[in-house]
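A quick write-up on the structure given underneath.
The values are calculated or read from the model by the stated rules, or taken from the named source; none is laboratory data. Not measured: the values here are computed from a predicted model. Neighbour counts are summed over all protein chains in view; Cβ atoms, including those assigned to glycine, are modelled from backbone coordinates with ideal geometry. Ligands, DNA and RNA are stripped out before the accessible areas are found, and what is left, the full protein with its side chains, is counted by its heavy atoms. Shrake-Rupley method; radii C 1.70, N 1.55, O 1.52, S 1.80 Å.
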Amino acid sequence: MQLLNTLYVTTADTYLRLDNDTLRVEVEQETRLRVPLHHLSAVVCFGHTGLSAPLMHRLAEGGIALVLLDDNGRFKARLEGAVTGNVLLRQAQFGRVADPAFTLDMARACVAGKIKNTRQVLQRGAREAKSEDEAQVLTRLADDLAASLRALTGTTSLDALRGIEGEAARQYFSGLNLLVRPESRAVFQMDGRTRRPPRDRFNAMLSFLYSMWMNDCRSALEAAGLDPQVGFLHALRPGRAALALDLMEEFRPWADRLALTLINRGQLDADDFVLREGGGVLLEPDARKAVVVAYQERKRDEINHPLLAQSVPLGLVPLVQARLMARSLRDDGAPYVPFVAK
């Protein structure tokens with residue numbers, strides 16, 4: 001199944017090696033897991049993981065992506081085999097990036113999808129709030145995001161669009177603390193979005209979850225034949241997967257929802273995090289495993305896709321959206337429609 005074909009390696013000092021046509025996972029020279037390679041499309045390694053050269057060659061040969069992330073989930077490297085995909089589609093993608101009007105329209109769609117989904121998070125929080133005062137604050141913030149959505153239609157430049165997106169994100173994150181159950185707020189207090197490194201436990205969870213969504217979005221774009229480096233909303237920079245970042249914007253609220261679920265159900269607490277010198281915060285190894293398991297389970301949730309008018313697993317939605325992006329790049333009459341849950 002496409003939802004089960006990514007192997008996440010979170011245990012420190014794990015060694016991966018090739019055993020015939022099977023990936024063998026060893027911890028302290030003891031075999032812990034064997035996975036047939038034909039079941040995999042990606043291997044994602046967190047922190048210090050050793051790999052044999054024959055395994056890396058075999059992964060590249062089989063088109064199985066190898067992604068290396070640090071302990072906090074920050075991207076370090078990606079090993080891939082020969083580039084595949086439709087060269088004519090990529091040629092169309094490069095041409096579209098050179099079209100300012102198309103670039104602005106695509107970027108506007110990405111931002112609109114993100115704001116609509118974040119607004120739904122706040123609206124749900126307002127409905128479920130125990131305090132009338134907190135419900136009013138969340139409703140006001142949701143109304144502010146609605147105003148940001150209306151402002152998008154009048155933007156005439158990427159800078160203006162990014163300014164609206166940045167202000168909407170600031171308003172959204174200012175309300176997330178109210179979505180945490182009161183008894184957990186002291187431990188999971190967030191003072192805005194921070195990264196590299198995250199400065200609190202909530203941000204540490206978000207960075208970790210965003211990194212997994214990012215990998216899935218990049219893989220979806222590659223599966224659709226697109227170049228994940230060439231995007232519209234995010235500026236082009238060497239080493240930045242700009243289009244993957246564009247696609248991920250509409251899925252960030254799903255990461256936020258999962259983080260809130262893990263906190264509010266008591267599945268993670270203060271002891272699941274490491275506070276480093278200098279103020280950085282990281283998830284403990286066992287906590288990383290718990291988050292990965294929860295993420296994989298959440299990807300199985302059936303979601304009604306409004307454009308397809310049918311139910312699909314959440315984990316397949318990036319693949320659907322990547323193909324919709326490809327269609328918009330090929331067809332002048334098919335604007336990109338971001339995924340917004342109903």
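From zero outward in steps of 5 Å, how is the percent of C-alpha pairs of the range 200-286 spread across the bins?
3, 14, 19, 19, 14, 14, 11, 6, 1
Evaluate the charge dipole of the range 137-178 about its Cα centre and quote only its size in Debye, nearest 20, assuming +1 on the Cβ of each Lys and Arg and -1 on the Cβ of each Asp and Glu. Don't skip to the end; give the middle numbers.
On the way: 4 positive and 5 negative charges, 10 e Å.
Roughly 40 debye, rounded to the nearest 20.
Treating cross-link reach as a plain straight distance, find the aspartates and glutamates whose alpha-carbon is under 20 Å from the alpha-carbon of Lys76, omitting any fewer than eight places away in the same chain.
Answer for Lys76, where 20 Å is the Cα cut-off: Asp13, Asp216, Glu222, Asp227, Asp246, Glu284, listed by chain and number.
Which whole-Hz ³J(HN,Hα) couplings does the range 13-19 yield from phi under the Karplus relation 6.51 cos²θ - 1.76 cosθ + 1.60, θ = phi - 60°, glycine and proline marked x?
Residue by residue, the range 13-19 yields 6, 7, 10, 10, 9, 8, 10 Hz.
Quick one: the Cα spread of the range 167-322 along its three principal axes, in angstroms, biggest first?
44, 37, 32
Which lysines have a Cα lying under 22 Å from the Cα of Lys342, excluding residues fewer than 8 positions away in the same chain?
The reachable lysines, counting only those whose Cα sits under 22 Å from Lys342, are Lys114, Lys116, Lys299.
Determine one quarter of the surface area of the Cα convex hull of the chain, which equals its mean projected area, and express it in nm² to one decimal. It would help to have the intermediate numbers written out before the result.
Numbers: hull surface 71.6 nm².
Result: a mean projected hull area of 17.9 nm².
Which FRET efficiency value, to the nearest 0.05, do you get for His38 and Lys289 by plugging their Cβ-Cβ distance into 1/(1 + (r/R0)^6) with R0 = 25 Å? The partial results should precede the final answer.
On the way: r = 25 Å, r/R0 = 0.99.
The pair His38/Lys289 has a calculated efficiency of 0.50.
For the range 195-206, take each phi angle, set θ = phi - 60°, evaluate the Karplus expression 6.51 cos²θ - 1.76 cosθ + 1.60, and give the result in whole Hz per residue in order, putting x for glycine and proline.
Result, rounded to whole Hz: 7, 6, x, x, 9, 8, 5, 4, 5, 4, 5, 4.
Quick one: Cα centre-to-centre distance for the range 171-235 and the range 81-130, in angstrom?
Here the answer is 15 Å between Cα centres.
Whenever you get a sec, line up Met214, Met106, Met56 from highest to lowest accessible area (probe 1.4 Å, protein heavy atoms). Walk me through the numbers before you get to the answer.
Details: Met214 45, Met106 10, Met56 65 Å².
Of Met214, Met106, Met56, the descending order of accessible area is Met56, Met214, Met106.
Positive end of the charge dipole of the range 235-281 (Lys, Arg +1 and Asp, Glu -1 on Cβ, about the Cα centre): tell me which of Trp254, Gly239, Gly280 has its Cα farthest that way.
Of the listed residues, the answer is Gly239.
Longest exposed-loop-site-free stretch of the chain, with GluC sites (Glu not before Pro), DSSP loop and at most 15 other Cβ within 10 Å? Please report the intermediate quantities before stating the final value.
Values: sites that count: Glu28, Glu80, Glu277.
Answer - 81-276.
Once amide H atoms are built 1.01 Å from N in the peptide plane, which residues 5 or more positions from Leu23, or in another chain, come under 5 Å H to H?
It is Val35, Leu37, by chain and number.
Calculated from DSSP H runs of 4 or more alone, at -39500 (n - 2.57) each and per residue, what is the 222 nm mean residue ellipticity of the chain, nearest 500? Don't skip to the end; give the middle numbers.
Details: 10 runs with 160 residues, N = 342.
After summing the helix terms and dividing by residue count, I get -15500 deg cm²/dmol.
Report the Stokes-Einstein translational diffusion coefficient (µm² s⁻¹, integer) for the range 146-259, Rh taken as the Kirkwood radius over Cα pairs, at 37 °C with viscosity 0.692 mPa s. It would help to have the intermediate numbers written out before the result.
Numbers: Rh = 15.6 Å.
So the translational diffusion coefficient is about 210 µm²/s.
Using the heavy atoms of the protein chains and a 1.4 angstrom probe, tell me the accessible area per residue for the range 102-202 in square angstrom. Walk me through the intermediate numbers first.
Values: 5050 Å² over 101 residues.
Here the per-residue accessible area is 50 Å².
With the calculation restricted to Cα positions, what are the radius of gyration and Dmax of the range 185-247 in angstrom?
Every Cα atom of the range 185-247 included, Rg and Dmax give 14.2, 46 Å.
Assign unit charges at the C-beta atoms only (+1 for Lys and Arg, -1 for Asp and Glu), then state the dipole size of the range 190-230 relative to its Cα centre in Debye, rounded to the nearest 20. Mind dumping the intermediate values first?
Numbers: 6 positive and 5 negative charges, 54 e Å.
Its charge dipole is roughly 260 debye.
Given +1 on the Cβ of Lys and Arg, -1 on the Cβ of Asp and Glu, and no further charges, what dipole in debye does the chain carry about its Cα centre, rounded to the nearest 20?
Details: 44 positive and 42 negative charges, 104 e Å.
The calculated dipole for the chain is roughly 500 debye.
Taking the highest mean first, how do the peptides 90-102, 256-268 order by number of other beta carbon atoms within 10 angstrom per residue? Please report the intermediate quantities before stating the final value.
Working: 90-102: 14.2, 256-268: 17.9.
Taking the mean over residues of other Cβ atoms within 10 Å, the ranking is 256-268, 90-102.
Taking every alpha carbon pair in the range 1-153, what does the distance histogram look like in 10 angstrom bins from 0, in percent?
With 10 Å bins starting at 0, P(r) equals 9, 23, 19, 22, 20, 6, 0.
Skipping prolines and chain starts, which residues have an amide H placed within reach, meaning under 5 Å, of the one on Leu283, given they are 5 or more residues away or on another chain?
Correct list: Val274.
Over the range 40-126, what per residue volume does the convex hull of the Cα atoms give, in whole Å³? Show your work: numbers first, answer last.
On the way: hull volume 14.2 nm³, N = 87.
In the range 40-126, the Cα convex hull volume per residue is 163 Å³.
Give the carbon-plus-sulfur fraction of the accessible surface of the range 35-124 in %, rounded to a whole number; probe 1.4 Å, heavy atoms of protein chains only. Mind dumping the intermediate values first?
On the way: 2420 of 4200 Å².
Answer for the range 35-124: carbon and sulfur cover 58 percent of the accessible area.
In the chain, what % of DSSP beta bridges are antiparallel (nearest 5)?
Numbers: 23 of 35 bridges.
Bridges in the chain that DSSP calls antiparallel: roughly 65 percent.
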